[in-house]
Each structure stands twice: as structure tokens, then as C-alpha cells.
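Written below as C-alpha cells is the structure these notes are about.
None of the figures in this text is laboratory data; all of them are computed from the coordinates on show. Because the structure is a prediction, the values reported are computed rather than measured. Backbone-built Cβ (ideal geometry, glycine too); neighbour counts: all protein chains shown.
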Amino acid sequence: MSKARKSLIKIKPKRYKDGEIVKVSFMVMHPMATGMGRDKKTKKIIPAKYINSVKFVYNGKEITHMTVWESLSVNPVFTTYMKINGKGKLTVTYTDNTGEMNEKTKKIKPRG
Amino acid sequence: MQRRDFFKKLGTVAVVTAVVPAMSFAGNAKPVGPNKMDFKTAVNAITGGKTPQKSNKVKLKTPEIAENGAVVPVTVSVDSPMTDTDYVKAIHILDGKNSNARCIDVFLTPANGKAMFSTRIKLGGTQDVTALVELSNGEFLIASQSVKVTIGGCG
């Protein structure tokens, strides 16, 4: 686990019931350098640094996993749907091509 | 040294002097991406030789004209019940002209409840964005849309 980046898990709608299908989006502040761009001042190639894989795990069960390549935008957003199935927590783990690995958790509390 | 030989050597010297600066330029030229992949090879690598079918079930939502190629929102939704026996296995988002045709591969499970994925991608120029969907019964569906890019966003 390396230095934490700013990341966020958003669930829509905010209030949800058990068994409801909700929209989950994960955002992370990441440069997503392709390895083809240049620094405007120094004219040196910016080395490639992009997210390799993302995993959504809910109560120990994998919901979605993704293989990511370089052509995603800077500060990427990943949005999918998820079925709420009882109390617990959602963990999103992502890995970098340079070996950086981080995770973000959010408590799931269905109401009503 | 004969006159003929002299001209031959002169020729090789001229070639070398012409090539060397070109090579030093090559070090300064646009570098090739680490993962270079053609659109056709990318589709073949995903489907394993099968031909994907065009379908109305797959809905690809992108802007027709993107002012900034660095941020192009893409939404793919598939009409599927998402039960244990009939669900969407994977959604692949591909582009036509970037050095790497593959953008993202999303592997879904029935626990998702709804087959939909959205993200933002970079496009180097005007090209087609394609969504390739794999169903649980092994079928492949495809949908594509061209996106006009006014300012390229790669690099």
C-alpha cells in the first residue's frame, strides 16, 4: 500500500433500501500519463503512469473487475450499478502500472 | 585508388552523413506507446476469431462532436435481465485510431443488477468509438459511433 491518493465513492441515490439497485461511481485523482506526452517546459517525455486494474468488492464478494489501458482521461471515473444486499462495506482497489496500489472503502447502510 | 572506387566511397559517406542526423532526429520524434494495438487485432484478441453481431440491445452514448479530446464521456448500457443464467459477462470499450485501440475491459457479474458502465476516455482525433459486449452464452454484440474531435487529447 503506497501513499493515498484522493479518491471518492459515490452512491446514488443517497438513501436506499435493501435489494435496491443503485449507481456506484468511483473517482480517483490520477495523472493517467500515456508515456507519449511531453513536458511543455523541459521537452522531456513524461513516463507512463496509468491505472492497470480496478476491483469492486462488496462484503468479500467481487462484483466487478476491470482491465484498464492508457487511453482513459486524467482523474478517471468508473460508474456501474450494484444490487444492495444487506449491511456491509464496499471496497474499491486499484493498481498502477508502476506497482502503486490503493484502496477505498465505504460503509453500506440500507434503510427501511 | 581508382577514380571509380573513389566515387563509390564518396557515395557511402554521403549516405552515412544523411542517415546519422535522421537517426538522432528519430530519438527526438514522437515515441511509440508501450501497448500498441490495432483495432482489428484488439477485436480478434477479445472475441477469439468470432464475428460480433450488430445489435439494438447495446446502447452507446457519446457526444457526436467533442470539443476536447482529452475528456470524452462514454456510456454503454445493455438490455439484459442480469440473472444467474443470462447476464452480460463483459463490456469492452475500443477506439479506432489511438495507438492502443483498447480503452477498458469491464467484467460484470449478476450482482451488478444492471448492465451499464460509464467513464471518460481520451481521443487523439476524429474516430469511431466502439462498444463490444460479451454475453454469458458466448455471443458477442457490437455498437459503434463516430466522434468528431476538434482538439486532440492524446499525450
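For this structure, a couple of remarks:
- Chain A - percent relative contact order, Cα under 8 Å, separation 6 or more: 32
- Alpha-carbon centroid distance for the pair the range A:89-112 / the range B:42-117, whole angstrom: 23
- In the protein assembly as shown, taking the dipole from charged Cβ atoms about the Cα centre, the farthest positive-side position among A:Ile11, B:Phe117, B:Val149 is held by A:Ile11.
- Positive-end residue of B:Pro52, B:Phe140, B:Ile65, charge dipole of the range B:39-149 with Cβ unit charges: B:Ile65
- Annotation: peptides B:135-146, B:42-53, ranked by per-residue average of other Cβ atoms within 10 Å with the highest first, follow the order B:135-146, B:42-53.
- The protein assembly as shown - charge dipole about Cα centre, Lys and Arg +1 at Cβ, Asp and Glu -1, debye rounded to 20: 980
- Fewest-first sequence of A:His65, A:His30 by Cβ atoms within 10 Å of each Cβ: A:His65, A:His30
- Peptide A:59-70 has a mean of 6 when you count, residue by residue, the C-beta atoms of other protein chains within 10 Å of its C-beta.
- Taking amide hydrogens as placed 1.01 Å from N in the peptide plane, the amide H of A:Ser73 sits under 5 Å from those of B:Arg120, B:Ile121, B:Lys122, each at least 5 positions away in sequence or on another chain.
- Dipole check for the range B:39-149: with +1 at the C-beta of Lys and Arg, -1 at the C-beta of Asp and Glu, and the Cα centre as origin, the magnitude is about 240 Debye.
- Taking the Kirkwood radius as Rh and the Cα radius of gyration as Rg, the range B:39-149 has a ratio of Rg/Rh equal to 0.96.
- Order of A:Asp96, B:Asp95, B:Asp38, A:Asp39 under a 10 Å beta carbon neighbour criterion, fewest first: A:Asp39, B:Asp38, A:Asp96, B:Asp95
- Charge dipole of chain A (Cα centre as origin; +1 on each Lys and Arg Cβ, -1 on each Asp and Glu Cβ, all else neutral): 620 debye, rounded to the nearest 20.
- The helix-based estimate of mean residue ellipticity at 222 nm for the protein assembly as shown, built from -39,500 (n - 2.57) per DSSP H run of four or more residues and divided by its residue count, is -4500 deg cm²/dmol to the nearest 500.
- Cα extents of chain A along the three principal axes, largest first (Å): 58, 24, 21
- Fewest-first ordering of B:Lys97, A:Lys44 by other beta carbons within 10 Å of each residue's beta carbon gives A:Lys44, B:Lys97.
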